[in-house]
Structure formats: structure tokens, C-alpha cells
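Below is one structure. I have some questions about it.
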Amino acid sequence: MRVREAPPVPDVFDPRRYAAGVPHDDYRVLRDHHPVAWQEEPEVLGWPAGPGFWAVTRHADVVRVLKDATTYSSHLGATQIRDPDPEDLPFIRSMMLNQDPPGHGRLRRLVSRAFTPGRVDRFAAVARQRAHALLAGALQRAREEDGTVDLVAAVTDEYALLNLADLLGVPESDRRLLLHWTQRVIGYQDPDEAGPPQLDGTGRPVNPRSPVMLKDMFAYARQLAAYKRRHPADDVMTTLAGDAELADAELEMFFFLLTVAGNDTVRSAAPGGLLALAEHPGSYASLRDGEFELPCAVEELLRWHPPVLTFRRTAARDTELAGQRIRAGDKVVVFHASANRDERVFTDPARLDLARSPNPHTSFGDGPHVCLGAHFARLQLRLLYEEVLRALPEPRLAAPAQRLVSNFINGIKSLPLQVT
């Protein structure tokens, strides 16, 4: 009797792979045969090689890592696959995203006072009107020209950016800065987004999250906070600037986190969901005819296209996961897009099912670091999809979507649709 050998471990690290699409077939190989698999971390796109990491691809293991902050730390090495420079690590650790309980909980409670569902809900009417106006303008221009429209450039980038600016209270004249900073930090692996990397004196790329690269954003945050103390308004920055428990450095880090994460969550999820609907015209028609509840459909579109592909933790102690021995100090990276297609949890996961329930996707994370802005993101997505359903009888791709070169963000750079 012959024992079948497990297939080799596929590479799911190289960010260039994701420009061609999420490697779901390779994820399945990992889930079935190597659920916690060692990945090499070679030099790529000018960024130096790293020590390697454990890729965690099954849903149960991803959730276990995310919930167990004692064993799998966000603080030790921060939350990106690539190791930060040692001299930058204390600075990067001061962000809420890169802290562990109990310090993380304190910061989360402080910002939650500003980022309340009530305040978010008050933006619903404005966001709906914005989605309607952006779509109407884009479709009108398309009809006057060649009959096609890039929904990313014409609608979803602007929609995410302007909604976030309203919530934060950023003046209209400064709003393009938010997109610039997001592209620089999130799209750093993609030359189309961030341009060529800035090099240090030794010719190595400078981490976009390092203090030197964030000086302009932090200076702006200080200026905006000072302005909000003099001219308070109903926005998040007014609340944060007036919070006596929040140190200036913590406020600046919150501005960075909300600007980048708050913008790019919707900026990535919205076109990803629309691409899924364009690729499944029958599902789109059924949704437009009211056969599915839109909130349920939003969850399935988030499962299908999670805005974030990976998050990193660092083992705080020797442990074992899915039978694999992990040493203290090892990098442990969870793969959200793989967990969302795990056959052990989701029936027929490769099928877009807009009525799927329950739907325990990991697109907003889990555990103490579950996405603080998930309510805001779901609201924006629902309102945008409602307006798309009214405006577009049948979205059809005019050309393949262009994807971000990134092993972190599941980004769509271009979504050309044929307007009918």
C-alpha cells in the first residue's frame, strides 16, 4: 500500500503574486496539507530578506491566534510581515494596532468614545447622497465618452476618502492628503501606488511606517487637533483632541491609524465586492430583484473579498499550533482570505452565496483587535451597493480588474465597467 506524499508548500509570501489574484488554490493546499507552514521571506522588490514566518491558513487556527494575545503578541514585532528596523520598533509599538492587553484595551476604550455607532449613523444620509452623486457623475461621463467607467477612480476611492474625511473632521481643502498618505503606507509594495521607495543612506528602502516617513502626517495631526480645540465640531478629531486622558503622541498615532485603516478598509472592500457582483451576474440580478437581504449580501461579499489579506503576530513563548512546534520569537502570520474559504467552516466556500448564514468570516479580524471601524465600514458598503443596484441594471467588466501588488491589502486599483 503506497502512502501518498503531501504536495510541497507553495509560496504565498511574494506580493507580486497577488497582482494576478488571490492564490486560493495554494491556500487550499496549505489548509489541507500544511495548515501551519514555514514560508521563506526572500528579498523582493528592493525590500530586504527576512527570517521567514509561519503561515496559518485554517479558520480555527486563525481565530485561535487572533484571540490569544498572551501567546501571539501584536507588540513584540508589530503586525506587518516585514520586520521593522529595530530603531523604529519603539515608535511603531506605540500605535494601538501594535499593542497587547491591557494597554491596548485602554487605548481602544478612549478612541471608542469618539468612534461611536451613533456618530457614524449620522453620516448615513451624507454617505448615501455622496454615493448617488459619484455614480451619477461617473455614468454620465461614461455615456458621453466611450461607454466605460473605472469605478475605482471615479467612485470608490472618492467615496471612501470623503466619508472618512467627514467623520474625522478634515477640511475639504486637505482631503487629498488622506489618500496620498494611504497610498504611501498601504501601497508601498506597488510602484504604481507609492512610486519608487525612498532609500536611506545605505541604499535600503525606508519603512513607510517609520518616524521619518510619517513626519508630515503627524505634523498635520497636531495642527488639526489644535484647530479642533479652538473650533470644536461633531467629528472624531474634536472628541480626541479634547480628551484629557489622551497624550499628544497617542492622538497622532490614532490619526495615523484612522486615516490609513479607516480609508483603506472601504477603499479595498467596495471595489472587491463590486467585482464579485460583476463576475456573478445571476447573483447581481437576484440581489437587485430583492431576493437577498443586502446586509447578508454585504457579509458574503466581505468573506469573498476581505480587504486585508494577512496580519502578523509574534510568538511570546514556545507553543504548538496544528501540530507544529513554534518557538518564542517566531513570526506567525494569519491569512484571512484563506480562513474565509475553509471548507471545514463554510459549505461550498468557492460559491458566492449572498444568502449565506451563518457567515463567520474573519475579514474584520477577531479577538481584542477586531476592527474598531467595522460598523462604519458595513454602513458605507451597504449604502454604496444600494445606490449601485439602482444605477446599474447589469454591471459588466470592460477589461480585467487591476490588483494591488501587496501581500497585505487585497486592493483593486482599477475596475473598468461597461455602462449599459
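This table checks each residue for (1) touching a Lys or Arg at 6+ places or on another chain (Cβ under 8 Å); (2) open to solvent by less than 10 Å² (accessible area, probe 1.4 Å).
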residue	(1), (2)
Leu294	yes, no
Trp304	no, no
Leu309	no, yes
Val333	yes, yes
Phe346	yes, yes
Asp353	no, no
Arg356	yes, no
Gly367	yes, no
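Next question, about the same structure. Looking at Ser406, Ser338, can you tell me which residue is open to solvent by less than 10 Å² (accessible area, probe 1.4 Å), closer than 30 Å to Leu134 by Cα and either in contact (Cβ under 8 Å) with a residue 40 or more places away in the chain or touching a Pro at 6+ places or on another chain (Cβ under 9 Å) (or both)?
So the residue among Ser406, Ser338 that is open to solvent by less than 10 Å² (accessible area, probe 1.4 Å), closer than 30 Å to Leu134 by Cα and either in contact (Cβ under 8 Å) with a residue 40 or more places away in the chain or touching a Pro at 6+ places or on another chain (Cβ under 9 Å) (or both) is Ser406.
Within the stretch 371-379, identify whether any single residue is over 17 Å from the mean Cα position of the chain (by Cα) and either open to solvent by less than 20 Å² (accessible area, probe 1.4 Å) or at pLDDT 95 or above (or both), and answer yes or no.
For the stretch 371-379, residues over 17 Å from the mean Cα position of the chain (by Cα) and either open to solvent by less than 20 Å² (accessible area, probe 1.4 Å) or at pLDDT 95 or above (or both): absent.
Anything in the stretch 92-119 that is within 22 Å of Thr310 (Cα to Cα) and either among the hydrophobic types (A, V, I, L, M, F, W, C) or free of Cβ contacts under 8 Å to residues at least 12 places away in the same chain (or both)? List them, or say none.
Ile92, Met95, Met96, Leu97
For the structure I just gave you, tell me whether Asp85 is open to solvent by 20 Å² or more (accessible area, probe 1.4 Å) and in contact with a Ser or Thr (Cβ under 6 Å, 6 or more places away or on another chain).
Against the criterion (open to solvent by 20 Å² or more (accessible area, probe 1.4 Å) and in contact with a Ser or Thr (Cβ under 6 Å, 6 or more places away or on another chain)), Asp85 does not qualify.
While we're looking at this one, here's another question. Looking at Pro349 and the list (1) farther than 30 Å from Ala125 by Cβ; (2) touching a Phe, Trp or Tyr at 6+ places or on another chain (Cβ under 6 Å), which single condition is not satisfied?
Among (1) farther than 30 Å from Ala125 by Cβ; (2) touching a Phe, Trp or Tyr at 6+ places or on another chain (Cβ under 6 Å), Pro349 violates only (2).
Same structure again: Going through the stretch 61-78 one residue at a time, which ones are within 9 Å of Asp100 (Cα to Cα) and small (Gly, Ala, Ser)?
Within the stretch 61-78, Ala69, Ser73, Ser74 meet the criteria.
Give the residue that is farthest from Val120 (Cα to Cα), with candidates limited to residues of the stretch 380-397 that are open to solvent by 50 Å² or more (accessible area, probe 1.4 Å) and at pLDDT 95 or above.
Ranking the qualifying residues of the stretch 380-397, first place goes to Leu397.
May I pose another question? Just for the stretch 37-46: of the residues that are part of a loop (DSSP other than H, G, I, E, B) and modelled with pLDDT of 95 or more, which one is surrounded by the most Cβ atoms within 10 Å (Cβ to Cβ)?
Among those that are part of a loop (DSSP other than H, G, I, E, B) and modelled with pLDDT of 95 or more, it is Glu41.
To continue, here is another question. Checking the conditions here, which among Arg325, Arg317, Arg312, Arg351 is assigned to a strand (DSSP E or B) and more than 15 Å from the chain's Cα centre (by Cα)?
Matching residue, one of Arg325, Arg317, Arg312, Arg351: Arg325.
For a quick check of your reading of the model, give me the residue pairs whose first member lies in the stretch 171-198 and is free of Cβ contacts under 8 Å to residues at least 24 places away in the same chain, whose second is among the hydroxyl-bearing types (Ser, Thr, Tyr), with beta-carbon atoms closer than 8 Å and at least 6 apart or on different chains.
Within 8 Å, the pairs are Ala194/Tyr188.
Could you check, for the stretch 311-319, whether at least one of its residues is surrounded by fewer than 16 Cβ atoms within 10 Å (Cβ to Cβ) and closer than 30 Å to Gly50 by Cβ?
Yes - at least one qualifying residue is present in the stretch 311-319.
Consider Ala269 carefully, then state whether it is touching a residue at least 12 places away in the same chain (Cβ under 8 Å) and surrounded by fewer than 24 Cβ atoms within 10 Å (Cβ to Cβ).
Judged against the criteria, Ala269 is not a match.
Kindly indicate whether Pro7 is over 17 Å from Ala339 (Cα atoms), outside any helix (DSSP H, G or I) and either open to solvent by less than 10 Å² (accessible area, probe 1.4 Å) or touching a residue at least 12 places away in the same chain (Cβ under 8 Å) (or both).
yes
Hand me the list of helices (runs of 4 or more DSSP H) wholly inside the stretch 110-194 holding 1 or more residues that are open to solvent by less than 30 Å² (accessible area, probe 1.4 Å).
By residue number, 117-121, 124-144, 157-168, 175-186.
Need the failing condition index for Thr156 against (1) within 30 Å of Gly50 (Cα to Cα); (2) polar (S, T, N, Q); (3) at pLDDT 95 or above, just the number.
Result: Thr156 fails condition (1) only.
Something else about it: For the stretch 10-54, which positions are of a type in the set (Asp, Glu) and free of Cβ contacts under 8 Å to residues at least 24 places away in the same chain?
The answer is Asp25, Asp26, Asp32, Glu43.
If you go through the stretch 203-220 one residue at a time, do you hit one that is in contact with a helix residue (DSSP H, G or I) (Cβ under 7 Å, 6 or more places away or on another chain), open to solvent by 80 Å² or more (accessible area, probe 1.4 Å) and of a type outside the set (A, V, I, L, M, F, W, C)?
Checking the stretch 203-220: not a single residue is in contact with a helix residue (DSSP H, G or I) (Cβ under 7 Å, 6 or more places away or on another chain), open to solvent by 80 Å² or more (accessible area, probe 1.4 Å) and of a type outside the set (A, V, I, L, M, F, W, C).
Ok, one more. Using the structure shown, decide if Asn410 is out of contact with any Gly (no Cβ under 8 Å at 6 or more places or on another chain) and modelled with pLDDT of 95 or more.
It is false that Asn410 is out of contact with any Gly (no Cβ under 8 Å at 6 or more places or on another chain) and modelled with pLDDT of 95 or more.
Only one of Ala60, Ala20, Ala49 is hydrophobic (A, V, I, L, M, F, W, C), surrounded by fewer than 22 Cβ atoms within 10 Å (Cβ to Cβ), farther than 25 Å from Pro307 by Cβ and out of contact with any Cys (no Cβ under 8 Å at 6 or more places or on another chain). Can you tell me which?
So the residue among Ala60, Ala20, Ala49 that is hydrophobic (A, V, I, L, M, F, W, C), surrounded by fewer than 22 Cβ atoms within 10 Å (Cβ to Cβ), farther than 25 Å from Pro307 by Cβ and out of contact with any Cys (no Cβ under 8 Å at 6 or more places or on another chain) is Ala49.
Still on this structure: Consider Ala60 carefully, then state whether it is at pLDDT 95 or above, of a type in the set (Gly, Ala, Ser), under 12 Å from Phe335 (Cα atoms) and part of a helix (DSSP H, G or I).
yes
The values are calculated or read from the model by the stated rules, or taken from the named source; none is laboratory data. All of these numbers come straight from a predicted model, not from anything done at the bench. Don't worry about glycine lacking a Cβ; one is built from the backbone with ideal geometry, like all the others, and counts go over all protein chains shown. Heads up: the accessible areas ignore ligands, DNA and RNA and are worked out on the full protein's heavy atoms, side chains in. Shrake-Rupley method; radii C 1.70, N 1.55, O 1.52, S 1.80 Å.
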